[in-house]
Structure formats: C-alpha cells, structure tokens
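A.B. asks: This is the structure I want to talk about, given as structure tokens.
The values are calculated or read from the model by the stated rules, or taken from the named source; none is laboratory data. A quick note: this is a predicted structure, and the numbers were derived from the prediction, not measured. Here the Cβ positions follow ideal geometry from the backbone for every residue, glycine too, while neighbour counts run over all protein chains shown. Each accessible area value is taken on the protein alone, full model and side chains, heavy atoms only, with ligands, DNA and RNA left out. Shrake-Rupley method; radii C 1.70, N 1.55, O 1.52, S 1.80 Å.
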Amino acid sequence: MSIRLQKRGDWGSGGGWRFIMGVDSRQIRRASFSIIVAGWLFLASSPTAHSQNEESVEYPVKLAFLYNFTKFVEWPPDSYRNQGSPLVMCIVGDDPFSPDLEGELRTRTVGGHPVEVRTMRPNDNLSICHIAFVPATEKDQAARIVRGLKGSSTLTVGETEGFAALGGIINLTVEGNKLHFEVNLPAAERAGLKISAKLLSLAKIVHDEGPSKGD
C-alpha cells in the first residue's frame, strides 16, 4: 500500500498539491478496500491540505493515515472509561501537523468516540494515549518511549527507520515520493491490540530486532 504525492501547479489559484493513491488493483479487489481509499484522502483533499508548502506536504497524508488506522485497530474494552470517552491521539514532542488539519480531525469520531488530539512531551504519561505518534524529531527518544509504553494498550506510530523493529507497532516510511507503512504484529499483540487483516494485507510485516523477547 502506498500513496504517491505529486505537485500540480494548475490546482486552484496559486497552485497546490494533488494526492494520488498508488494502490495495486489486485489488493483492492482482494481486501475490498474502496472505503479506506476514500478515507485516507479525507484530510488530504481539504482546502487547507492543498495550501501546504512542499516541505510539509507529506504530513496531511500522514495525519490521514493516523486517523484511518483507528478504523482498523481494536483496543481492549477497558481502554475507554465509558462510551463517550474520547480516543486520544498524542503527538509526542514537536508537532509537525497543521493546526487547521488537527482541528478538522477533532470533528471526527471513531466508533462513537470523539477524537482528541494532544501534544505531549516524551517524559509525560503516554499510557493515557490510544495512539502515540513519535515524529522524526524524537528519533533519539523513540526506543525509550516504546519501552516506557510496555504493558499499555497504546498504538505507537513512528516515521523513522527501524521504529517498528525496535518495538514500535506501526512505522510510516517514505520511498521516493511514496508513503508506505510497516506493522510489528508481535508488538501489537503484546499491547492487546487487534489489527484488521485488511490493514495487514497492505502492510510490510516486521519483527523485533535482536534475540530477546518482550524485554
């Protein structure tokens, strides 16, 4: 599964960005994934996404990925205090996402739970987060963050090489101008998270580094 980002100068006044989904048609037929294809682009197709500059164009799509991951991950029942509790999405460290797009995300719900976006520090209690996104700026802290979340049901998502192999659950990777993702399935199982087979069929499956287990 990949998304290709292509600049297009004739999109609206002043130009903009066109987000093109590069998906193998056999994968779509096999996984019946037309819904997720549309969902992945809900943020990228907003007017604020089109106004993003070249350096940040990938982050609207990454934020759309984070939101849509929630539709294909099942958290343990005790992850929510009650039916109206929010799904807490935490950005750990420097927040690379547009405030406008985060505001759009806050209008969404997941399984009846409103989405709450928080900016957290690496030393904060991240176990309150349903999703913890670790941006590239926190690369040196990533291993410690992942270790600190052992025993929790937090879906850790990173964007640096080796994040999933060190125990993170999902890693977003960019190859050329295409966005892919890796999944560490054993790490998800340790966290008590159930990831849809449809999502897994589009991911590269990786495993923990080293001979040790669960440390």
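A.B. asks: 7 Å from Cα along Cα→Cβ at both D94 and E175: what's the point-to-point distance in nm?
C.D. replies: Between D94 and E175, the simple spin-label model gives 2.7 nm.
A.B. asks: State, as an integer percentage, the relative contact order of the range 86-130 based on alpha-carbon contacts under 8 Å between residues 6 or more apart. Present the calculation step by step, with values, prior to reporting the outcome.
C.D. replies: Details: 58 pairs, mean separation 25.6, N = 45.
Taking the mean separation of contacting Cα pairs over the length of the range 86-130, I get 57 percent.
A.B. asks: Related question: Taking a ≥ b ≥ c as the square roots of the Cα gyration tensor eigenvalues, with a/c under 1.5 meaning rounded and otherwise prolate when a/b beats b/c, else oblate, which class fits the range 75-163? Write out the running numbers ahead of the final one.
C.D. replies: Values: a/c = 2.29, a/b = 1.28, b/c = 1.79.
Judged from the Cα gyration tensor, the range 75-163 comes out oblate (a/c at least 1.5, b/c at or above a/b).
A.B. asks: Figure the gain on full extension for I128 and A143 (residue separation times 0.36 nm, minus the Cα-Cα span) and round it to one decimal in nm.
C.D. replies: Working: separation 15, 0.36 × 15 = 5.40 nm, distance 1.84 nm.
Using 0.36 nm per residue and subtracting the Cα-Cα distance, I get 3.6 nm.
A.B. asks: Same structure again: Note down the nm distance, to one decimal, between modelled labels 7 Å out along Cα→Cβ at S201 and at N82.
C.D. replies: Output for this residue pair reads 3.9 nm.
A.B. asks: Follow-up. Need one number: convex hull volume per residue for the range 101-150, Cα atoms only, in Å³. Write down the numbers at each step before the final one.
C.D. replies: Values: hull volume 4.4 nm³, N = 50.
Given the Cα convex hull of the range 101-150, per-residue volume reads 88 Å³.
A.B. asks: Ignoring ligands, DNA and RNA, please state the percent of accessible area on the range 78-194 from carbon and sulfur, probe 1.4 Å. Show your work: numbers first, answer last.
C.D. replies: Details: 2430 of 5410 Å².
Roughly 45 percent, rounded to a whole number.
A.B. asks: Report the relative contact order of the range 128-173, percent, no decimals, based on alpha-carbon pairs under 8 angstrom and at least 6 residues apart.
C.D. replies: Details: 63 pairs, mean separation 18.0, N = 46.
About 39 percent, as a whole number.
A.B. asks: Using only Cα atoms, locate the centre of the range 181-208 and the centre of the range 59-76, then give the distance between them in Å, rounded to an integer.
C.D. replies: Cα centres, the range 181-208 to the range 59-76: 13 Å.
A.B. asks: If you split all Cα-Cα distances of the range 147-207 into 5 Å bins from zero, what percentages do you get per bin, shortest first?
C.D. replies: Distribution as computed: 4, 21, 30, 25, 13, 5, 2, 0 percent.
A.B. asks: Kirkwood Rh over Cα pairs of the range 56-206 into Stokes-Einstein at 10 °C, 1.306 mPa s: D in µm²/s?
C.D. replies: Numbers: Rh = 15.3 Å.
Rounded, D is 104 µm²/s.
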